[in-house]
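**Q** The structure that follows is given in the form of structure tokens.
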Amino acid sequence: MPSLQLDIVTMMTLLASGHLILALMLSWHRVEDSLRTTVRIWQAAQLLKALGGAGVAFGVISENVPVRLLGNLLIFTGFACELMAYRRYVLQRTLPGLPFGLLIIGSAVVLCSFWVPELWRTQFTVAAASGLLAAFTLLNCLILNGHRRRQSNPLPMLKVLVWTNGLNSAATSVRAVSALMIDQHHVATQAPLNEAAFLLNYLLILINGMGFLLLIKEEVDSKLRELVIRDPLTGLFNRRHLDSHLELAIAEHADRQQPLSLCLLDLDNFKAVNDSYGHAAGDYILRKFAGHLRDHLRPSDLVARVGGEEFVVILHDTDADTAHQRIQTILDSFCQRQFRLGKDQRNLSFSAGIAQRAPHIRPAQLLRQADQALYASKENGRKRVSIYTGPV
């Protein structure tokens, strides 16, 4: 077998085996329902690339040009599916337009190679295919990097995938350029620079695949942690997380000698809403109220649902008077909203009690003080905000 054919067969066999291993590893990986479609698309991408690599290798050995071109098409389709999987992971919906737009371009390039003279065909195919694959991996890099930058606490594996896709795009671009620059009597795979770029490609493909597996594991673990500390109805933090956070927050603010205010909020006449309109309407109000609090609080503040219609807000670096102003603003804007309950339009309100951190105070004491202030608000007619003024 000529050196050219041997090099191509070796490279394609390595690629096919690498992608097949990644697809099989993903088959043994358990994922939750929200990630299942993303994982299956990514797995299909690896299988398509494995079949494509095997097809190219077989086409070269048998000197069957249609089989070789079909292998290239399968590889392009695999990269299109991989790009679609990353887009689904980031956007939570399948958007095939961009990936399959590039796939159509790749198909056109493969078909055009029929009209390229035999002497230039390998050089043309390697350059065009490498350029398109570089575009696919560059888009993967940009999509994942944009997602990572938008996250307040990005998963560590996202950064690994950004770098591997970026380096893979650079290495594939080197292969495309070296294919164009090489003398027509040689093949691109004989160039040392191109061979080094291919080996880097192969290594990055394996790292990228392992990174994706670890990313899915991190995502599942993160969602499980969220289930433990989140209220399933409103998406706010629950009492478990509040207790652990409040203790740390009190200690941290004491060390910095900065104020901290705890606000206990309770929806007024919420039982009447449940009795008159049903529990579904009550759940609707709770979700709307949770969203209202999120919209009017700083990212550094913490809001948790601790009971049926009771919520706690922790305002960091905020004294009681400032906290009163902020909660009063939230109350005023909430009272102006109308909620559709059955055939009625209803205005709702809440009462609030505020307690400020005192030296050596314990979390349970601070909660009791806020509860006493809340009781005062309800005793004085509801729809108001009170500050704890009792003994420290």
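**Q** In this model, which of 223/343; 271/343; 343/378 are farther than 30 Å apart at the alpha-carbon?
**A** 223/343
**Q** Please compute the length gained on full extension between residue 36 and residue 322, using 0.36 nm multiplied by the number of residues separating them and subtracting their Cα-Cα distance.
**A** 98.3 nm
**Q** Additional query: Please enumerate, by chain and number, the lysines with C-alpha under 26 Å from the C-alpha of residue 217, excluding those fewer than 8 residues away in the same chain.
**A** 49, 159
**Q** If each residue's Cβ is checked for other Cβ atoms within 10 Å, how do 335, 81, 141 rank with the fewest at the top?
**A** The fewest-first ordering by Cβ neighbours comes to 335, 141, 81.
**Q** Then there is this: Taking a ≥ b ≥ c as the square roots of the Cα gyration tensor eigenvalues, with a/c under 1.5 meaning rounded and otherwise prolate when a/b beats b/c, else oblate, which class fits segment 186-317?
**A** The shape class here is prolate.
**Q** Give, in nm to one decimal, the length gained when the segment between residue 142 and residue 375 is fully stretched (0.36 nm per residue of separation minus the Cα-Cα distance).
**A** Value of the extension gain: 78.6 nm.
**Q** While we're looking at this one, here's another question. When 62, 17 are ordered from fewest to most other Cβ atoms inside 10 Å of their Cβ, what list results?
**A** 62, 17
**Q** Give me the one-decimal nm value for the distance between modelled label points at residue 67 and residue 223, 7 Å along each residue's Cα-to-Cβ direction.
**A** Rounded to a tenth, the inter-label distance reads 4.2 nm.
**Q** Return 265, 203 ranked ascending by Cβ neighbour count within 10 Å, so the fewest neighbours appear first.
**A** Listing 265, 203 from fewest to most nearby Cβ atoms yields 203, 265.
**Q** Something else now. Say R0 is 51 Å: what FRET efficiency, to the nearest 0.05, do residue 280 and residue 206 get from their beta-carbon distance?
**A** Taking R0 as 51 Å, the efficiency between residue 280 and residue 206 is 0.50.
**Q** Here is a further query. Extending each Cα 7 Å along its Cβ direction at residue 333 and residue 199, get the distance between those two points in nm, one decimal.
**A** About 6.0 nm, to one decimal.
**Q** Could you check the simple spin-label distance between residue 269 and residue 256, using points 7 Å along Cα→Cβ, in nm with one decimal?
**A** In this crude label model, residue 269 to residue 256 measures out at 4.1 nm.
We did not get these values from a lab; they are worked out from the coordinates using the rules stated. Just so it is clear, the structure is predicted and the values come from calculations on it, not from any experiment. Please note: Cβ atoms are built from the backbone with ideal geometry, for glycine as well, and neighbour counts cover all protein chains shown.
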